[in-house]
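S.K.: Starting off with a structure, shown below.
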Amino acid sequence: MTKADEDAIREIELRFNAAWGRHDPDGMVESLVDDANFVTVNGAWTRTRADFRDLMRRLHGPQGPFRASTRETPEMHVRFLAPDVAVMYTRFHIYGDVDEPERTSIGTRVVHKLDGRWWTVAVQNTDLRAGRRH
């Protein structure tokens with residue numbers, strides 16, 4: 001539970017954003033364990049790394065709604081639950097979605113340190129909607 005561990009966990013999010021901007025599904029899954037669960041802002045629930053990669057291929061492909069989008073995460077909070085387990089809460093923005101030009105969401109990422117590297121085991125994302133109480 002060092003500053004280096006916290007930085008490595010934050011770097012997972014930054015690498016995900018960079019891969020998103022390149023529309024690179026392989027890059028988007030590089031931190032996921034094989035049986036990672038990922039729930040998207042629209043409620044799609046994938047239960048494996050391969051399924052999430054396939055979903056991102058469709059969403060970022062030539063006809064996909066995210067084909068020209070970018071993603072940034074201005075807010076990240078890391079909480080260690082054990083020396084090798086942490087949860088990171090994020091506020092992120094997606095710009096350029098074909099269906100919704102700008103969105104803000106909250107994310108929860110659970111990470112586990114295995115063999116010296118931090119891996120994502122679960123993600124839950126939720127869109128913030130105008131008019132809803134937060």
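Rundown of residues vs (1) assigned to a strand (DSSP E or B); (2) over 22 Å from Asp35 (Cα atoms); (3) in contact with a His (Cβ under 6 Å, 6 or more places away or on another chain); (4) not acidic (Asp, Glu), yes/no style:
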{"position": "Phe92", "(1), (2), (3), (4)": "yes, yes, no, yes"}
{"position": "Asp97", "(1), (2), (3), (4)": "no, yes, no, no"}
{"position": "Arg103", "(1), (2), (3), (4)": "yes, yes, no, yes"}
{"position": "Ile106", "(1), (2), (3), (4)": "yes, yes, no, yes"}
{"position": "Val111", "(1), (2), (3), (4)": "yes, no, no, yes"}
{"position": "Trp119", "(1), (2), (3), (4)": "yes, no, yes, yes"}
{"position": "Ala122", "(1), (2), (3), (4)": "yes, no, no, yes"}
{"position": "Asn125", "(1), (2), (3), (4)": "yes, no, no, yes"}
{"position": "Arg129", "(1), (2), (3), (4)": "no, yes, no, yes"}
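S.K.: When segment 1-44 is examined, which residues are found to be modelled with pLDDT under 95 and within 11 Å of the chain's Cα centre (by Cα)?
M.R.: Matches in segment 1-44: Val41 only.
S.K.: Go through segment 45-84 and count every residue that is in a helix (DSSP H, G or I) and of a type in the set (D, E, K, R).
M.R.: Number satisfying all stated conditions: 6.
S.K.: Within segment 35-44, is even one residue touching a residue at least 24 places away in the same chain (Cβ under 8 Å), buried (at least 19 other Cβ atoms within 10 Å of the Cβ) and more than 20 Å from Val98 (Cβ to Cβ)?
M.R.: Within segment 35-44, one or more residues are touching a residue at least 24 places away in the same chain (Cβ under 8 Å), buried (at least 19 other Cβ atoms within 10 Å of the Cβ) and more than 20 Å from Val98 (Cβ to Cβ).
S.K.: With the condition kept exactly as written, say whether any residue in segment 18-32 is surrounded by 14 or more Cβ atoms within 10 Å (Cβ to Cβ), in contact (Cβ under 8 Å) with a residue 12 or more places away in the chain and either assigned to a strand (DSSP E or B) or at positive phi (or both).
M.R.: Yes, segment 18-32 contains at least one residue that is surrounded by 14 or more Cβ atoms within 10 Å (Cβ to Cβ), in contact (Cβ under 8 Å) with a residue 12 or more places away in the chain and either assigned to a strand (DSSP E or B) or at positive phi (or both).
S.K.: What are the residue pairs meeting all of these: first residue in segment 80-92, first residue in contact (Cβ under 8 Å) with a residue 40 or more places away in the chain, second residue assigned to a loop (DSSP other than H, G, I, E, B) and surrounded by fewer than 21 Cβ atoms within 10 Å (Cβ to Cβ), Cβ atoms under 6 Å, and 6 or more apart or on different chains?
M.R.: Phe80/Met1; Pro83/Met1
S.K.: For segment 65-73, state whether one or more residues are under 15 Å from Tyr89 (Cα atoms) and either small (Gly, Ala, Ser) or modelled with pLDDT of 95 or more (or both).
M.R.: Looking for residues that are under 15 Å from Tyr89 (Cα atoms) and either small (Gly, Ala, Ser) or modelled with pLDDT of 95 or more (or both), one finds at least one in segment 65-73, hence yes.
S.K.: Restrict the check to segment 94-106 and report whether at least one residue is at pLDDT 95 or above and within 14 Å of Val121 (Cβ to Cβ).
M.R.: Among the residues of segment 94-106, not one is at pLDDT 95 or above and within 14 Å of Val121 (Cβ to Cβ), which makes the answer no.
S.K.: Also: Suppose we keep only residues that are small (Gly, Ala, Ser) and within 14 Å of Asp5 (Cβ to Cβ) within segment 59-101. Which one would you say is surrounded by the most Cβ atoms within 10 Å (Cβ to Cβ)?
M.R.: Only one residue tops the list, namely Ala86.
The values are calculated or read from the model by the stated rules, or taken from the named source; none is laboratory data. Since we're looking at a predicted model, the values are computed, not measured. Don't worry about glycine lacking a Cβ; one is built from the backbone with ideal geometry, like all the others, and counts go over all protein chains shown.
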